[in-house]
Amino acid sequence: MKRHLLSTADLSADDATLILDTAAELARIADRPIKKLPTLRGRTVVNLFYEDSTRTRISFETAAKRLSADVINFSAKGSSVSKGESLKDTALTLEAMGADAVVVRHWASGGAYRLAHAGWIRSAVVNAGDGTHEHPTQALLDAYTLRSRLGSLEGRRIGIVGDVLHSRVARSNVRLLSTLGAEVTLVAPPTLMPFAVEGWPCSYSYDLDPVLPKLDAVMMLRVQRERMDQAYFPTEREYSRRYGLHAQRMAALPQHAVVMHPGPMNRGLEISAEVADSARSTITEQVANGVSVRMAVLYLLLGGSEPAIGTENEGGAT
Amino acid sequence: MTDGTETTVSPAAPASAAQAAMRAVLDASAVSRALTRIAHEILERTQGADDAVLLGIPTRGAHLATRLGGQIAAVEGLELPIGTLDVTMYRDDLRLRPARAIKRTEIPSGGVDGKLVVLVDDVLFSGRTIRAALDALGDIGRPRAVQLAVLVDRGHRELPIRADYVGKNLPTAQRETVQVRLAETDGQDAVLLGVKGAGAR
């Protein structure tokens, strides 16, 4: 059964384009006096968050509510999870309550896959970030933002810079953007470049400055201090000097190039405040687009008799 | 978008087999005459159509709305606001089929509040598309009145809905299908009648 969104690797170019086109139509209801569609009336969407999140959870909640679904928010803090309840028992509880979709963020890579395939629940599972593995809806909203700024992704050069090792956003984006025809270059210090990156559908570099002048867009990744169990770089000042995007570096980008960041930002570390607030930055636009893209995903997974996206073997290739 | 009769004919599809089983009930000139008459009826019934807004239901209803707007402009020199209204998200049969692609909704800049909205569609059948359109319209604004113009009324209503302007009343059997072809989407204007399963999906 194809009914989950676990990884961007499962999306064909046609699937991804359908999601982005649907999102483009749904974005228009944000301008209407009544920002609501009756499409998912009577369906229940559960936000199951084992990790802290502001924009992803609020974005999914807004998206589900704009489609008239009922939303149940469930975070590990303040629930039985803090008393030691397992993912399985939580899942069985949700199943008993009749959830139609579970939006899950889990600290373990593969958490969403486990939830979808263990046979605990029958509902659709949407991965909202699992460990350092994937965050497909973030990649979709990045692709949407790029498409609306650059017209098309075919042949565009996108740089993804920073803590690639711990970044699920980078993994999802590499797969999705290459599926859509873009050329992705990863830039990170050797300590933050994942093992076996040679096998990914992208090129990579340890040096930011030679890459910048060729890019149509640069995506700055957050330095994930909470996942860093050892010293990956000597000092923050050194990291910022070599891999941070500041005004002087931004000047090396072509005139049309945009600056992205999935948020939350460490201002002054990977991106300077001046760059984050500049006209080239799409950071707040990305948040607004997130709602439209998540509405599209929920509609395409839950709206019909069967999902319109996904593959038979979802999440299989990792 | 017509209830149960929508047959998407893509240019790449082998249309010859489908066409053989379909009989033309209106040819290009008959379609054109029907639209001219509807344009005149709209002007007559609304006494000049001063506050009218034409909203076509994609895909073919939207093209018909554009053509009606052109006819009215030719007759009266009056450029009516023309838009499109997609009803996919308001349909009552969404859960019976896989999720469908959404089409464009384009409301003219003047909005619909206090206006006379004329909904335009190609075929009127069960009436469920129009019910969905009325719901969609209610979320966009509050028109003074809503009227309905269709190129073909094929009967078999399942809801208390009727058209104000009809190009052609076409008595049909349930097992028959009606297909409207327009130059914009299908290369030529025609209304075809066929039997379900023979060519039509």
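The values are calculated or read from the model by the stated rules, or taken from the named source; none is laboratory data. Owing to the predicted nature of the structure, the values given are computational and were not obtained by experimental measurement. For neighbour counting, all protein chains shown are included, and Cβ atoms are generated from backbone atoms with ideal geometry for every residue, glycine included.
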query: Would you say residue B:111 is within 14 Å of another protein chain (Cβ to nearest Cβ) and at positive phi?
result: yes
message: Condition (residue is over 27 Å from residue A:109 (Cα atoms) and polar (S, T, N, Q)) applied to the range A:204-227: is it met by at least one residue?
response: no
task: Being outside any strand (DSSP E or B), out of contact with any Asp or Glu (no Cβ under 9 Å at 6 or more places or on another chain) and within 14 Å of another protein chain (Cβ to nearest Cβ) narrows it down to one of A:90, A:22, so name that one.
output: A:22
message: On the basis of being under 24 Å from residue A:300 (Cα atoms), surrounded by fewer than 24 Cβ atoms within 10 Å (Cβ to Cβ), more than 11 Å from chain A (Cβ to nearest Cβ) and among the charged types (D, E, K, R), does residue B:104 make the cut?
response: no
query: Somewhere in the range A:97-105, is a residue in the same structural domain as residue A:216 (by TED's automatic domain parsing), loosely packed, with under 15 Cβ neighbours inside 10 Å and out of contact with any Leu (no Cβ under 8 Å at 6 or more places or on another chain)?
result: no
field: Count of residues meeting criterion [away from chain B (no Cβ under 14 Å), surrounded by fewer than 16 Cβ atoms within 10 Å (Cβ to Cβ), touching a residue at least 40 places away in the same chain (Cβ under 8 Å) and among the hydrophobic types (A, V, I, L, M, F, W, C)] in the range A:25-58
entry: 0
message: Which count do you get for residues in the range A:57-107 that are within 18 Å of residue A:138 (Cβ to Cβ) and β-branched (Val, Ile, Thr)?
response: 5
- line: By residue number, the members of the range A:227-270 that are of a type in the set (Val, Ile, Thr) and either closer than 15 Å to residue A:211 by Cα or in a helix (DSSP H, G or I) (or both) are A:258, A:259
- request: Return the total of residues in the range A:8-19 being more than 10 Å from chain B (Cβ to nearest Cβ) and either among the hydrophobic types (A, V, I, L, M, F, W, C) or assigned to a loop (DSSP other than H, G, I, E, B) (or both).
  value: 6
query: So which of A:187, A:174, A:223, A:211 ends up being at pLDDT 95 or above, within 17 Å of the chain's Cα centre (by Cα) and on the phi < 0 side of the Ramachandran plot?
result: A:174
message: For the condition crowded, with 24+ Cβ neighbours inside 10 Å, assigned by TED's automatic domain parsing to the domain that holds residue A:270 and in a loop (DSSP other than H, G, I, E, B), what is the one hit in A:153, A:176, A:208?
response: A:153
- prompt: With respect to residue A:227, is the statement that it is in contact (Cβ under 8 Å) with a residue 24 or more places away in the chain and either surrounded by fewer than 19 Cβ atoms within 10 Å (Cβ to Cβ) or not assigned by TED's automatic domain parsing to the domain that holds residue A:158 (or both) true?
  reply: yes
message: For the range B:114-155: of the residues being among the acidic types (Asp, Glu) and not in a strand (DSSP E or B), which is farthest from the other protein chains (Cβ to nearest Cβ)?
response: B:135
message: With the structure loaded, tell me whether residue B:176 is more than 25 Å from residue B:46 (Cβ to Cβ) and surrounded by fewer than 16 Cβ atoms within 10 Å (Cβ to Cβ) or whether it fails that test.
response: no
task: Collect the residues in the range A:179-201 that are outside any helix (DSSP H, G or I), closer than 21 Å to residue A:154 by Cβ and in contact (Cβ under 8 Å) with a residue 40 or more places away in the chain, keeping them in residue-number order.
output: A:180, A:181
- request: Identify, by number, the condition in (1) under 29 Å from residue B:178 (Cα atoms); (2) of a type in the set (Gly, Ala, Ser); (3) at pLDDT below 95 that residue B:49 doesn't meet.
  value: (1)
